[in-house]
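The values are calculated or read from the model by the stated rules, or taken from the named source; none is laboratory data. Because the structure is predicted, anything quoted here is derived from the model rather than measured. Here Cβ is always computed from backbone atoms with ideal geometry, including for glycine, and neighbour counts include all displayed protein chains. Ligands, DNA and RNA are stripped out before the accessible areas are found, and what is left, the full protein with its side chains, is counted by its heavy atoms. Shrake-Rupley method; radii C 1.70, N 1.55, O 1.52, S 1.80 Å.
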Amino acid sequence: MTQPDPQTLAEQCADAMFSRDQASQQLGMEITAVGPGTATLTMKVDERMIQGHGNCHGGYLFTLADSAFAFACNTYDKATVAAGCSIEYMAAGQLGDTLTATATERARGRRTGVYDIEITNQDGRTVALFRGKSYQVQGSVREQGEPQ
């Protein structure tokens, strides 16, 4: 069987993963771009995401970045998971903000990779910087079974 071109493969992987990703869907995330080793997701900050200081809870920022990371490192149809990650919060997300997480592959080896994710708000202000380290496991992204 012939593999599709890298861009088509990345899109197929993102479609397959997103169809099974209830967490990202339930938070209103949207994939706005995907390509080999890259992904861009958006999420609007709503009332349920606001913490006690009146800003977006950092866990939601982490989740948005982690989702962008997951879509970027799974664009090659090789099931890949997080081996570790960290986040630096630069500015507060506010109610009504549209946040954009842009994931970029920095290095990719046979089984591991490093990805940087920047979260910005609708004004282009950097809200957080996230770095994820990936580890390839067995299996195809497109051919995984239905969620259990």
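Computed values, structure above
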| read-out | value |
| --- | --- |
| Failed condition for Asp97, given (1) within 28 Å of Ser140 (Cα to Cα); (2) buried (at least 18 other Cβ atoms within 10 Å of the Cβ) | (1) |
| Those residues of segment 100-132 which are farther than 24 Å from Arg48 by Cβ, out of contact with any Phe, Trp or Tyr (no Cβ under 6 Å at 6 or more places or on another chain) and surrounded by 21 or more Cβ atoms within 10 Å (Cβ to Cβ), in sequence order | Gly113 |
| Condition met for Gln3 (open to solvent by 40 Å² or more (accessible area, probe 1.4 Å), modelled with pLDDT under 95 and either of a type outside the set (Ser, Thr, Tyr) or out of contact with any Leu (no Cβ under 8 Å at 6 or more places or on another chain) (or both)) | yes |
| Cross-chain or 6+ apart pairs with Cβ under 7 Å, segment 80-97 first and farther than 14 Å from Gly113 by Cα, then of a type in the set (D, E, K, R) and at pLDDT 95 or above | Ser86/Arg131; Ala91/Arg125; Leu95/Glu47 |
| Tally, over segment 35-58, of residues that are farther than 16 Å from Thr80 by Cα and surrounded by 11 or more Cβ atoms within 10 Å (Cβ to Cβ) | 14 |
| Unmet criterion (only one of (1) in contact with a Pro (Cβ under 8 Å, 6 or more places away or on another chain); (2) at pLDDT below 95; (3) of a type outside the set (A, V, I, L, M)) for Thr75 | (2) |
| All positions within segment 18-34 that are among the β-branched types (Val, Ile, Thr) and either surrounded by fewer than 16 Cβ atoms within 10 Å (Cβ to Cβ) or more than 13 Å from the chain's Cα centre (by Cα) (or both) | Thr32 |
